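Worksheet: the structure to be examined is printed underneath.
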Amino acid sequence: MTAAELRHDHLSIIRALSGAEQSRADLGRTLGWARNTVSSRLDDLLAGGWIVESGDQLSGRGRPSALFRLNEDNILVFVASFGKDQVTATIATIGGAVLARSVIDGYSLGAAGSDGPADAARLRDELVAEAGVSAELIRIAVVGVTGPVEDNKSMPMYADLTVDGASFERALGIPVVVENDANLMALGLLPTLDAQSRSLVFVKVATGIGAGLIIDGRLHRGLRGLAGELGHIPVAHGDGIPCNCGNYGCVGEVASAPAILNQVRNDGLDVASLDELQPLVAAGNQIAIATLRQAGRDIGEAMIGLVTAIAPDVLVMGGRVVGLGDHLMTGLRETLYSRALPATTSRLRIESIRDAEDAAVRGALVMGFDRLFPHEPSATA
Ligand SMILES: [Zn+2]
C-alpha cells in the first residue's frame, strides 16, 4: 500500500497516531467510528507497514488491549537544503531521528556543472547506502531553497535559476515539496514554543537575509509565497545602495555575509570568508565587532515594523552570521528595545540558535508529514 493508495480513513488514523500510541477503543473515541471500522482500517495499515503494534495497555478489568503507533522507521524523509554556497542533505525518520547527513560546502545551485535534481538524487543514494536503509522507505523529499516559493517552484525573482519541484520528482521518483529554507526553519521551531505562545519570527542571516513567519500557530506564506523577504526592507544605513530587487538601501545589502565581509575589508581586515572572520571576532577585533553590531542594528531597524505589526511571542535569529557570536544580537536588541513599541518588546523573547539546519530538517518533517498524510482525502482516493 503506497502513500497514494491511502484513503481518507487511513489518513485519519495515521494523523491520530502521530505523536501518541492509541488502542482500538481510543481510536474509536477519537474518530467517532465503530469498532469494526477501526479494526478493518488498522489491519490495512498494519499490512502496509505504516503502523505497528507497540504493546498492550492494561485496563482495570478484562483483557489488555493492543496499542498502535506509527511505524516511524518505515516512513523516511529525504531533505536537501540548498543554501547559496552549501547543500545539506539528510535522511530522517518521520519521527525526527536523523539516520544520515552530509554537508557539502562550496556547492552552488545553478553554478556551472551543477544539476540540482541529479545532484540531489546522487546525495540521496549516498545517504541511503550510509544509513543502510531501503530506498523505497523514503516516501517524500523536501527541498529547501533560499528565496520565495510559489506553486512548488522557487520564484526566479532575482536569479535566473528556478528550482522546480517537478524536475526533482522526476530525478528522485517520489513526491517533492519545495519550500523556502527560513520557512522550514520557522516551522521546525514551532514545537519549541510554550503552550501560550502562538507566533514566532525566525530570521536567517547568511548570504542573504530571510524570515519565516509563524502567525497563530500557522506558517504564513503570504502573497505568492513572498512573506518574510526581510532582506529587501530598506534601512537608513543602506543609503542609496542598489539592490538586485530593483530598489535601493535594502538591509540585505548592508547586513548579510557578503556585505559584512566587504565592510571589514574596507576597514582594513584581510578576510575572505566568515570562517576567516570568526577567529578575529573571538579575539575581540574591534573592526569585526563594530561591523557585526552595526549589522545587528540595521536588521533591528528593518524589523521594527514587522515586530510591531505581528507582535510575535518569540524572535529567533539563526544562520551563519549569527553563529559568529553575540555582537549582532547586541545591536539587534539595542535597536528593537529602543525603537519598537515598548509594550511589545517588553515581553518579546529574542533568542539565537547555532544550528538552523537542524530546525530546517524538523520543519521539513512537519511539512513532509502534512503532504503525505493530508487532512483532506487525496485526489487519488
Ligand atoms: Zn532588495
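The values are calculated or read from the model by the stated rules, or taken from the named source; none is laboratory data. These numbers were taken from a predicted model, which means no experiment stands behind them. Glycine also receives a Cβ, built like all others from the backbone with ideal geometry; neighbour counts cover every protein chain displayed. Note: areas computed on protein heavy atoms with side chains; ligands, DNA, RNA excluded. Shrake-Rupley method; radii C 1.70, N 1.55, O 1.52, S 1.80 Å.
Observations
- Flag if LEU261 is more than 16 Å from the ligand (Cβ to nearest atom), within 28 Å of the chain's Cα centre (by Cα) and more than 27 Å from GLY106 (Cβ to Cβ): no
- Filter result for GLY252 (more than 16 Å from the ligand (Cβ to nearest atom) and buried (at least 21 other Cβ atoms within 10 Å of the Cβ)): no
Conditions tested, residue by residue: (1) of a type outside the set (S, T, N, Q); (2) within 30 Å of GLY116 (Cα to Cα).
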position: ASP43; (1), (2): yes, no
position: SER54; (1), (2): no, no
position: ARG69; (1), (2): yes, no
position: VAL77; (1), (2): yes, yes
position: GLY83; (1), (2): yes, yes
position: GLN86; (1), (2): no, yes
position: THR93; (1), (2): no, yes
position: VAL98; (1), (2): yes, yes
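Quick grid of which residues meet (1) open to solvent by 50 Å² or more (accessible area, probe 1.4 Å); (2) closer than 19 Å to MET185 by Cα; (3) in contact with a Phe, Trp or Tyr (Cβ under 7 Å, 6 or more places away or on another chain); (4) of a type outside the set (D, E, K, R):
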{"residue": "LEU31", "(1), (2), (3), (4)": "no, no, no, yes"}
{"residue": "ASN36", "(1), (2), (3), (4)": "yes, no, no, yes"}
{"residue": "ALA47", "(1), (2), (3), (4)": "yes, no, no, yes"}
{"residue": "GLU53", "(1), (2), (3), (4)": "yes, no, yes, no"}
{"residue": "PRO64", "(1), (2), (3), (4)": "yes, no, no, yes"}
{"residue": "PHE68", "(1), (2), (3), (4)": "no, no, no, yes"}
{"residue": "ARG101", "(1), (2), (3), (4)": "yes, yes, no, no"}
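- Count of residues meeting criterion [modelled with pLDDT under 95, open to solvent by 20 Å² or more (accessible area, probe 1.4 Å) and under 24 Å from ARG320 (Cα atoms)] in region 197-225: 2
- Selection over region 336-361 of residues that are part of a helix (DSSP H, G or I) and either open to solvent by 10 Å² or more (accessible area, probe 1.4 Å) or under 22 Å from LEU190 (Cα atoms) (or both) gives a count of 13.
- Pairing residues of region 277-299 that are open to solvent by 60 Å² or more (accessible area, probe 1.4 Å) with residues that are among the polar types (S, T, N, Q), at Cβ distances under 7 Å and at least 6 apart in sequence or on separate chains, gives ARG293/THR330; ARG297/THR335.
- Scanning region 261-273 for residues that are in a helix (DSSP H, G or I) and either surrounded by fewer than 18 Cβ atoms within 10 Å (Cβ to Cβ) or free of Cβ contacts under 8 Å to residues at least 12 places away in the same chain (or both) yields ASN262, ARG265, ASN266.
- Here region 300-324 is the region considered, the condition is being of a type in the set (D, E, K, R) and more than 22 Å from LEU190 (Cβ to Cβ), and the residue that is surrounded by the fewest Cβ atoms within 10 Å (Cβ to Cβ) is ARG320.
- Residue check for GLY296: under 17 Å from GLY331 (Cβ atoms), more than 11 Å from the ligand (Cβ to nearest atom) and not in a loop (DSSP other than H, G, I, E, B): yes
- Qualifying residue in region 158-171 (condition: within 16 Å of the ligand (Cβ to nearest atom), over 20 Å from the mean Cα position of the chain (by Cα) and open to solvent by 40 Å² or more (accessible area, probe 1.4 Å)): yes
- Which listed residue, of VAL133, VAL128, is closer than 13 Å to VAL77 by Cβ, part of a helix (DSSP H, G or I) and not small (Gly, Ala, Ser): VAL128
- When GLY147 is tested against the conditions (1) in contact (Cβ under 8 Å) with a residue 12 or more places away in the chain; (2) away from the ligand (no atom under 16 Å from the Cβ), the lone failure is (2).
- The residues of region 204-246 that are in contact with a Leu (Cβ under 7 Å, 6 or more places away or on another chain), of a type outside the set (Gly, Ala, Ser), in contact (Cβ under 8 Å) with a residue 12 or more places away in the chain and more than 30 Å from ASP275 (Cα to Cα), listed by number, are ILE214, LEU219.
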